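Take a look at the structure set out below.
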């Protein structure tokens, strides 16, 4: 009699190999990334377990969770055993993680270092495929009053409306501003346009006793600070 193929559903695993039970017994920190993803997808395919399938998915992105979070439904369903529903579960979990990082950064309202600015803005613009330019408005205690997108799609001096930036600063009582934009290319070297924008806003704001405190170029994993590099 032909032997039936073994099911790789989690419910058929040995107790010690079940990530749900492992989480309950040993805590969430005891699980590997693959085991956490296995909980999301529930089962693998006829040839591999959910953990095995999860390991293969992670291997395809060099075990980088940020890269995993960028995969689309169409890319995920190319893996045998991953249908649309499982792909959506993975994407939703990655998005929750991104929003958690953003929320934690937003709770850190007083800016005392360029790294805090990076932590605040990286979840918003660090992984975009296009450029965005943002202004962070602060009061005289360096507490964030507001952050606003100024332009989208490219960075040139003509896209920066100095009057709009300063009008908003006066309306909300800001005494300091921080410029932030991303470089999708990953390069951290400021362009000539980046420097011109910084000088343009710095010069214009001085007459209103508003100070440009910094200008950050943000990429997925790192940043360049004009203030830290004495370019202000």
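Label positions at residue 36 and residue 188, each projected 7 Å from the Cα along the C-beta direction, are separated by 2.5 nm. Over the chain, with a Gaussian network built from C-alpha contacts below 10 Å, which listed residue (202, 151, 60) shows the highest mean-square fluctuation? Among 202, 151, 60, the largest mean-square fluctuation in the Gaussian network model of the chain belongs to 60. Cα axis of helix 114-125 to longest principal axis of the chain: angle in degrees, 0 to 90, nearest 10? So the inclination is approximately 60 degrees. Have a look at 122, 171, 149 and tell me which one the Gaussian network model of the chain (Cα, springs below 10 Å) gives the largest fluctuation. Looking only at 122, 171, 149, the biggest GNM fluctuation is shown by 171. Placing a label point 7 Å from the Cα of residue 109 along the Cα-to-Cβ direction, the residues of segment 118-141 with a backbone N closer than 15 Å are 137-141. In the chain, helices alone account for a calculated mean residue ellipticity at 222 nm of -12500 deg cm²/dmol, with every DSSP H run of four or more residues adding -39,500 (n - 2.57). Spread over its residues, the convex hull of the C-alpha atoms of the chain is 143 Å³ per residue.
Report relative contact order for the chain in percent, whole number only (criteria: Cα-Cα under 8 Å, sequence separation at least 6). 13 percent. Does segment 10-103 come out rounded, prolate or oblate by the C-alpha gyration tensor, with a ≥ b ≥ c the root eigenvalues, rounded set by a/c under 1.5 and, if not, prolate when a/b is larger than b/c and oblate if not? The shape class here is oblate. Label sites at residue 46 and residue 209, each approximated as a point 7 angstrom past Cα along Cα to Cβ, lie 7.7 nm apart.
Each part reduced to its alpha carbon centroid, segment 216-232 and segment 24-74 end up 34 Å apart.
Readers should treat all values here as calculations from the given coordinates under stated rules, not as data from a laboratory. Not measured: the values here are computed from a predicted model. Note: ideal-geometry Cβ built from the backbone for every residue, glycine included; neighbour counts use all protein chains shown.
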